[in-house]
Amino acid sequence: MIGRIIGKTTTRGFTILLDSAANKRAYVQTTIQDKKILAQITEIERTKEQTLGYCTIVGYYEGGKLTQAMDAPEPNSEVSLADPNFIDETLGLSRAENGAFLGRLVGYPDVDVKLDVSKFLKTHTAVLAKTGGGKSFCIATIIEELIEKQVPIVIIDPHGEYHTLKEASTQTKQLQAFNIDATNYKKSVKEFSPDIKINRDAERLSLNQTNLSATDLIEMLPAKLSQTQMGIIYTALKEAESPSLDAVRFAIEMQEHPAKFMILNTIDYLKKLQLFSNTPTPTEELVKVGRTTIINLKGVPAEIQEITVHKLLHDLFEERKKGRIPPFFLVVEEAHNYIPERSYRQAKSSKILRQIFAEGRKFGIGACIVTQRPSRVEKNALSQVNTQLILRVTNPADVKAIASSSEGITETMEEDIKGLSVGVGMVVGAFELPVFVTIRPRKTMHGGESIDILKQIQSDKDKLPLIYTEKKENPILIPCVQLEYESNKVLVDLTDMKIVKNLKPIQKVAIPTLDTSGLSEQQMKIFKLAQTLDAFKAAEVFAQSELQFSDLYDILSVLEQKGLLDKEGEHYTAKKINIKDFSLNVDINFEQLEYDEIKDKKYSLEDIHKQFSTPDDMQECYLVT
């Protein structure tokens, strides 16, 4: 016994005069009409004369459910600390047969907390915490549990944090304390990315360009369109042979309206990103039983991330509605960027995510919002969430947003949220009442830590960008530059301006050239612009040339006479060197290296720009010989 009930009692709560030590959030038990009931200490008040514990009645488990007390406890009734088994039984913390092990009840190291996976996947979830509060760590523990149960998962990963699911944790002591083992999920996890230059371990993500609607196209275009331009798109879709990006572009080009050029430029921009393809990444490759798919968006511009998320989730949603892919669990990291509150801004991905949170459960899609700014997530989406895992949140607007989206959070709990320790979360909705949980350690490496800037600088300061011909002691380094065009890389030696064709043995060839001697600066500018286009009309270049049309036409005539442009009817085509013939697709390694000598550079990047069309990417490096 830790004390007795004093003063007024109700069916909702009572006060204990404490004789023994007890902590806030501790569970206690007493009796009402000879029935044992569970209660929780929500606050402790101490004076010189006495210590009081204010308790909220939880109830008792009967008939397969938690039952509320229908009578108030008698004053002077004995109160004791609750038995862990009684707590577990009453709250149903580990009752689920195939539960996902989330952690342990705070203050009760013998009481496991397990989420009922069947219920969990049929509803939506939110993991909410301030920056550094552990939200990515928390959702990763759930992902680990779902992977082991072969649940298909799709993760929208804007910072490239989740690739560490493929690496086992090294935190042996922490894992042993929870009776779990380190593991990796290499066989289950696959990464895709629109940018495989930055995310080199990922496969290229290509989106379907053959099933576009006018709404799709309007929502995806980076620029805001006028009513006239929208009309052009609707007309083009009616006239296009197929609803593909290429067919729509051609149909728009055939129209005679001057407003078409901005649309053509933005479509060309989308095409240059290589996001869209006639042979897209199959949806059945992205969503399959036993597969966790990471959509790695690290380094991808924000607007392109939104376009990617919009089109990808639209296609997955449609395929799921048709039953062509299995039910899956969707995790949206940094959700405030993809489905922001409407008063804040509108994202291109907002509409499809809104639809998934409103309708996804009917089709077997359980979605999870992960964010440090709940107040900036659309309220309607947050209100569709059934289970909230709340870690420390201190921003008043965010705490208010959390409380308004959940019926189970009291004012006292709002204060508790602000003071949660790192690694402790409040679970709301998964059980009859909110519970506080010590989140278990990850079985895999954690990829969401903040970078130690000083340590990173010290580690990186002596690293060199290297391409090896062979590894030997005290090598000579040759300065080079690697140019990247789509998926083709070209290595140029900056000591002699030759293309390196082979590494073992080293073979080099002279740069093939087009005779641009005698061209003025403006003529060279137009020629370089023409090289970025396929067949084009003069009017298409006019918008980007910043010239009078007569001056542009004169330049095109000069370029044609010099053999740098071909003309057929009204269309021009620029002469180009086939860069594929000179590609050497090797990766640059950043490493520390002891070397004997670095050869002097005789050519600069400015010289490279004069010889080559503008690459998608360019990186100076050293050839190790």
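The values are calculated or read from the model by the stated rules, or taken from the named source; none is laboratory data. None of these values were measured; they are calculated from a predicted model. All Cβ positions, glycine included, derive from the backbone under ideal geometry; neighbour counts span all protein chains shown.
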Legend entry - Residues of segment 559-592 satisfying the condition of being more than 20 Å from V481 (Cβ to Cβ) and in contact with a strand residue (DSSP E or B) (Cβ under 9 Å, 6 or more places away or on another chain): L559, E560, L564, L565, D566, K567, H571, Y572, T573, A574, K575, Q592
Inset, instruction - Check off (1) among the acidic types (D, E); (2) modelled with pLDDT of 95 or more; (3) within 14 Å of the chain's Cα centre (by Cα) for E148 and give me the number that stays unchecked. - result: (3)
Legend entry - Lone qualifier among K562, K601, K567 - being touching a residue at least 60 places away in the same chain (Cβ under 8 Å) and of a type in the set (D, E, K, R): K601
Legend entry - Qualifying residues in segment 578-615 (those that are of a type in the set (D, E) and under 35 Å from the mean Cα position of the chain (by Cα)) - the one nearest to I476 (Cα to Cα): E591
Inset, instruction - Answer yes or no: is there a residue in segment 154-168 that is over 20 Å from the mean Cα position of the chain (by Cα) and in contact (Cβ under 8 Å) with a residue 12 or more places away in the chain. - result: yes
Legend entry - Count of segment 1-49 residues which are among the small types (G, A, S), in a loop (DSSP other than H, G, I, E, B) and touching a residue at least 60 places away in the same chain (Cβ under 8 Å): 2
Legend entry - Residue that is surrounded by 12 or more Cβ atoms within 10 Å (Cβ to Cβ) and at positive phi, where the choices are G59, G64: G59
Inset, instruction - Find the residue count for segment 546-573, including only residues that are under 21 Å from M254 (Cα atoms) and touching a helix residue (DSSP H, G or I) at 6+ places or on another chain (Cβ under 7 Å). - result: 4
Legend entry - Criterion: of a type in the set (K, R) and surrounded by fewer than 14 Cβ atoms within 10 Å (Cβ to Cβ) - qualifying residue of R320, R324, R291: R324
Inset, instruction - Taking the options F250, F261, name whichever one is touching a residue at least 12 places away in the same chain (Cβ under 8 Å) and among the aromatic types (F, W, Y). - result: F261
Legend entry - From V385, V399, residue being in a loop (DSSP other than H, G, I, E, B), surrounded by 21 or more Cβ atoms within 10 Å (Cβ to Cβ) and not hydroxyl-bearing (S, T, Y): V385
Inset, instruction - Look at D617 and say whether it is in contact with a Lys or Arg (Cβ under 9 Å, 6 or more places away or on another chain), surrounded by fewer than 16 Cβ atoms within 10 Å (Cβ to Cβ) and in the same structural domain as D462 (by TED's automatic domain parsing). - result: yes
Legend entry - Wholly within segment 166-285, helices (runs of 4 or more DSSP H) carrying at least 3 residues that are outside the structural domain of Y485 (by TED's automatic domain parsing) and farther than 30 Å from E148 by Cβ: 214-220, 227-239, 245-253, 260-272
Legend entry - Subset of segment 342-362 [touching a residue at least 24 places away in the same chain (Cβ under 8 Å), of a type in the set (D, E, K, R), within 23 Å of V300 (Cβ to Cβ) and part of a loop (DSSP other than H, G, I, E, B)]: K348
Inset, instruction - Identify, from the list V300, V309, V331, the residue that is over 21 Å from I143 (Cα atoms) and surrounded by 21 or more Cβ atoms within 10 Å (Cβ to Cβ). - result: V300
Inset, instruction - Taking the options A69, A100, A82, name whichever one is among the aliphatic types (A, V, I, L, M), touching a helix residue (DSSP H, G or I) at 6+ places or on another chain (Cβ under 9 Å), under 26 Å from N23 (Cβ atoms) and touching a residue at least 40 places away in the same chain (Cβ under 8 Å). - result: A82
Inset, instruction - With the condition kept exactly as written, say whether any residue in segment 366-386 is of a type in the set (D, E, K, R) and without any contact (Cβ under 8 Å) to a residue 12 or more places away in the chain. - result: no
